[in-house]
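The next block holds one structure in the form of structure tokens; read it before the comments.
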Amino acid sequence: MKRHLSATCAAMALTVFCGSAFAHPLDGLSKEEIAEVVTIMKSDDRISDEARFPLIELKEPEKAEVLAWKEGEDGPRAATVHVISGDESYKAEVNLVSGEISDFGAIGGQHMVLLEEFIGAMDLALSDENFVAALAKRDLEPGDVFCLPLTAGSFDVEAEAGQRLMKVPCYVNPTGSNFYAKPIEGLYAVVDLAGETVVEVIDNGVVPVPQDAWGYMEDEVEARTGALRPESNPAVLRQEGDPNFTIDGSMVNWDIWRFRWRVDKRPGVVLSNIEVNDRDDWRSVLYQAHLSEVFVPYMDPDEGWYWRTYMDSGEYGFGIFLSPLRAGVDCPSYARFLPATVHDDLGNPIEIPDALCIFERNIGDPAWRHYEIFAQSEEQAVPAEGRPASELVVRSASQVGNYDYLIDYVFEQNGRIRVMVGATGLDAVKGVASTSMEDATAEQETRYGTLIVPNLVAPNHDHFFNFRLDFDIDGQDNIFMRTGLVKGDMPGDVPRRSMWVTEAKMPKTEMEARYRVNPATPAMYHVMNMDRKIGVGHAPGYMILPQNSVAYSPLDTENDPPAKRNAYIDYTFWNTPYAANERYAGGEYAFQSDGSDTLAEWVKQDRNIDNTDIVTWYTMGFHHVPQMEDWPVMSTMWKGITLKPYNFFPHNPALTVRLPEN
């Protein structure tokens with residue numbers, strides 16, 4: 001019988017072994033805490049020493065506990081755990097202070113992909129005699145290829161019951177940097193990870209394998225093009241002296257801003273307790289902000305492509321796939337680089353070096369300026385008065401398959417925050433017979449994508465990103481408001497015949513608070529605190545500016561299974577009352593989910609959101625119709641939103657920025 005460790009941990013509660021003493025309640029789990037979670041779980045008879053841990057992450061305390069916490073106090077520390085032991089999968093909560101396990105029960109869905117499952121699925125495919133025979137038809141052997149197991153979505157819940165499916169396409173081994181340039185099209189293995197079997201081998205006939213390696217390293221590019229661009233004097237960002245921000249544990253303090261950061265396996269970077277200094281008064285803006293879900297559906301009905309409808313955050317994880325940032329490329333060389341602590345399949349803590357960078361930059365624009373022509377005279381030229389704009393950037397980059405996603409949180413001196421997504425990496429490509437649009441096969445082969453180079457079509461697809469924004473504007477009781485710009489009535493004695501006026505509407509319940517953004521019906525969207533008055537008597541708020549981020553799709557979110565699982569794409573804005581267990585718009589369990597536990601389903605409760613603690617969910621995205629310029633590597637495309645103070649400050653907060661001495 002294994003012995004419980006609660007007494008041991010209770011005695012050691014103030015040591016880093018059983019939990020970080022005086023850690024902020026929203027700090028990420030430390031290496032010691034992750035290791036202790038595994039030790040405590042394995043003290044239970046149901047958990048074997050060979051157990052696998054798909055998820056170990058901070059179990060956030062109730063918001064009231066967090067807000068009541070004082071520096072130097074012992075705070076609550078707990079972890080949510082998904083664990084596989086033998087044929088059983090469990091979910092539990094581990095109290096790191098007492099060492100106790102609670103809420104121990106069967107997992108409520110299918111867990112995130114384990115790294116060993118990628119390897120296992122590839123090995124199963126390459127050891128299957130039917131798959132090996134199909135490779136032989138193409139004059140290939142298992143040693144000639146590498147395979148990329150992919151989540152298969154969910155299309156027939158009854159038929160898929162008891163299975164854990166991945167589909168496995170393969171590529172000829174690269175001779176250079178590009179692992180995706182030579183797809184073995186038309187050949188796929190369907191693997192059941194639960195049964196450790198190949199369910200089916202799909203072979204739709206031999207398609208010519210592209211021969212060009214299409215590398216993107218500098219020497220490969222020079223060999224292809226004949227020459228690189230002439231050397232030039234680089235225009236670089238630099239900073240004299242020490243940075244103007246400080247990092248104390250998880251707390252970042254810069255200019256008028258302070259906030260806490262951590263990394264979770266699923267969403268990646270999580271920012272909490274975002275506050276702004278208004279004349280020595282630290283005021284709350286956001287309790288928390290993080291990525292909620294990512295949906296990437298491909299638009300090709302081919303048997304090898306229709307199921308490619310990835311939920312990149314929920315199925316794979318943006319935190320576990322954080323990639324080390326490169327100084328001088330991903331971030332300025334003077335940036336502060338920080339590691340991320342996550343865990344492997346066995347629950348061992350691992351550190352991703354340089355997973356985040358934080359840096360200031362002067363963007364070369366004025367924060368504000370005015371040139372007064374009436375101040376000029378023959379005796380004196382009065383220059384424009386203004387201040388240079390500086391900002392603080394918190395950046396990470398997650399590589400999920402062929403795509404690289406940069407996530408930026410950008411803090412400005414005028415009280416604004418930008419939430420940005422940069423998409424780059426490599427297009428997913430499909431092998432075809434066509435080498436030119438003049439070929440007889442080209443019309444059919446490019447029906448759902450673009451021929452970008454000989455023998456490669458890049459299928460059309462979408463990228464949707466949902467962010468969970470838990471605003472606490474000067475406290476928890478907030479409202480959401482849509483202020484439309486509508487045609488106003490004109491007095492008869494005024495010669496002008498039209499103008500617009502504002503019309504404010506405050507939704508009372510969830511179903512009323514779903515909004516699509518339409519330029520033909522312009523509006524402003526804000527979260528406000530109606531119980532406080534600022535300046536001349538306005539209720540403080542923050543406006544959410546959609547910028548270039550709005551994307552809608554004709555996907556059928558009621559009848560098409562992948563779209564149903566991600567029905568948050570139907571609206572740009574959603575609002576719910578705060579619920580600690582509602583963190584992910586695609587549901588707690590994304591792998592082979594059926595869409596029953598999603599943001600679109602939660603709001604059908606039509607709960608009250610009037611003057612209470614609310615969470616705003618924002619869906620941004622873009623449609624990608626590939627082009628030749630996307631290959632062999634895509635230029636970074638940025639999409640994002642701006643959170644802008646709206647009567648939050650009594651005057652322009654950037655007014656007090658100093659004019660540099662030089």
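Rounding to the nearest 20 debye, state how big the charge dipole of segment 133-252 is about its Cα centre with +1 on each Lys and Arg Cβ and -1 on each Asp and Glu Cβ. Walk me through the intermediate numbers first.
Values: 8 positive and 20 negative charges, 48 e Å.
Charge dipole, segment 133-252, about its Cα centre: 240 debye, nearest 20.
With 30 Å as the limit, write out which pairs from Lys31/Lys182; Lys59/Lys430; Lys167/Lys265; Lys265/Lys533; Lys91/Lys505; Lys430/Lys604 have Cα-Cα distances beyond it, or answer none. Don't skip to the answer; put the middle values down first.
On the way: Lys31/Lys182 40 Å; Lys59/Lys430 42 Å; Lys167/Lys265 23 Å; Lys265/Lys533 40 Å; Lys91/Lys505 42 Å; Lys430/Lys604 40 Å.
Over 30 Å apart, Cα to Cα: Lys31/Lys182; Lys59/Lys430; Lys265/Lys533; Lys91/Lys505; Lys430/Lys604.
Lys59's amide H: which non-local residues (gap 5+, or another chain) put their own amide H closer than 5 Å, with H modeled 1.01 Å from N in plane and none for Pro or chain starts?
Under 5 Å from the amide H of Lys59: Ala78, Ala79, Thr80.
Mind checking segment 162-253 for trypsin sites (Lys or Arg not before Pro) that DSSP puts in a loop (not H, G, I, E or B) and that have at most 16 other Cβ atoms within 10 Å?
On the way: sites: Arg164, Lys167, Arg224, Arg238; in loops: Arg164, Arg238.
In loop regions of segment 162-253 (DSSP not H, G, I, E or B), the sparsely surrounded trypsin sites (Lys or Arg not before Pro) are Arg238.
Just tell me which aspartates and glutamates come within less than 14 Å, Cα to Cα, of Lys137; anything on the same chain fewer than 8 places away is out.
Filter leaves Glu129, Glu185, Asp203.
Would you mind telling me the share, in percent, of accessible area of segment 286-359 contributed by carbon and sulfur at probe 1.4 angstrom? List each step's numbers first, then the result.
Numbers: 1090 of 2140 Å².
Here it works out to 51 percent.
Can you list the chymotrypsin sites (Phe, Trp or Tyr not before Pro) in segment 314-391 that are in a DSSP coil and have 12 or fewer other beta carbons within 10 angstrom? Can you show the working numbers first?
Numbers: sites: Tyr316, Phe318, Phe321, Tyr334, Phe337, Phe359, Trp368, Tyr371, Phe374; in loops: Phe318, Phe321, Tyr334, Tyr371.
Hits after loop and neighbour filter: Tyr371.
Once all Cα-Cα distances of the chain are split into 20 Å bins that start at 0, what whole-number percent is in each one?
For the chain, the binned pair fractions read 16, 48, 30, 5, 0 percent.
Leaving out ligands, DNA and RNA, and with a 1.4 Å probe, what % of the accessible surface on segment 81-128 is carbon or sulfur?
Numbers: 1010 of 2050 Å².
Exposed carbon and sulfur together represent 49 percent of the surface.
Work out from phi, with θ = phi - 60° and the Karplus expression 6.51 cos²θ - 1.76 cosθ + 1.60, the ³J(HN,Hα) of each residue of segment 313-327, listed in order in whole Hz, and give x for Gly and Pro.
7, x, 8, 9, x, 7, x, 5, 9, 4, 10, x, 7, 9, 4
Averaged per residue, what accessible surface does the chain expose to a 1.4 Å probe, in Å²?
On the way: 29900 Å² over 662 residues.
That works out to 45 Å² per residue.
State the answer as a single residue: which of Gly541, Met437, Leu55 lies farthest towards the positive end of the charge dipole of the chain, with beta carbon charges of +1 for Lys and Arg and -1 for Asp and Glu, about the Cα centre.
In the chain, that residue is Gly541.
Normalised by the number of residues in segment 504-572, what is the relative contact order in percent for Cα pairs under 8 Å and 6+ residues apart?
27
Where does the chain land at 222 nm, in deg cm²/dmol rounded to the nearest 500, when only DSSP H runs of n ≥ 4 count, each adding -39500 (n - 2.57), divided by all residues? Please report the intermediate quantities before stating the final value.
Details: 10 runs with 71 residues, N = 662.
Result for the chain: -2500 deg cm²/dmol, rounded to the nearest 500.
Between rounded, prolate and oblate, where does segment 356-441 land on the alpha carbon gyration tensor, with a ≥ b ≥ c its root eigenvalues, rounded for a/c under 1.5, else prolate if a/b exceeds b/c?
oblate
DSSP loop (so not H, G, I, E, B), at most 16 other Cβ within 10 Å: list which trypsin sites (Lys or Arg not before Pro) in segment 451-514 pass both filters.
For trypsin sites (Lys or Arg not before Pro) across segment 451-514 that sit outside H, G, I, E and B with at most 16 neighbouring Cβ atoms in 10 Å, the list reads Arg496, Arg497, Lys508.
Kindly work out what percent of the DSSP beta bridges joining two residues of segment 233-382 are antiparallel, to the nearest 5.
On the way: 32 of 33 bridges.
For segment 233-382, the DSSP antiparallel bridge percentage is about 95.
With contacts defined as alpha carbon pairs under 8 Å and 6 or more residues apart, what's the relative contact order of segment 101-257 in percent?
Details: 196 pairs, mean separation 25.3, N = 157.
Computed over segment 101-257, the figure is 16 percent.
Over what distance in Å are the Cα centres of segment 623-654 and segment 406-484 separated?
One Cα centre to the other: 11 Å.
Of Gly109, Ala78, Leu599, which is farthest towards the positive pole of the chain's charge dipole, taken about the Cα centre with +1 and -1 on the beta-carbons of Lys, Arg and Asp, Glu respectively?
Result: Leu599.
Given an 8 Å cut-off on Cα distances and at least 6 residues of separation, report the relative contact order of segment 553-662 as a percent.
Numbers: 89 pairs, mean separation 26.4, N = 110.
The normalised contact order for segment 553-662 reaches 24 percent.
The values are calculated or read from the model by the stated rules, or taken from the named source; none is laboratory data. Keep in mind that this is a model prediction, so the values were computed, not measured. Here the Cβ is made from the backbone with ideal geometry for all residues, glycine too, and neighbour counts use every protein chain on show. Calculation scope for accessible area: heavy atoms of the full protein, side chains included, ligands and nucleic acids excluded. Shrake-Rupley method; radii C 1.70, N 1.55, O 1.52, S 1.80 Å.
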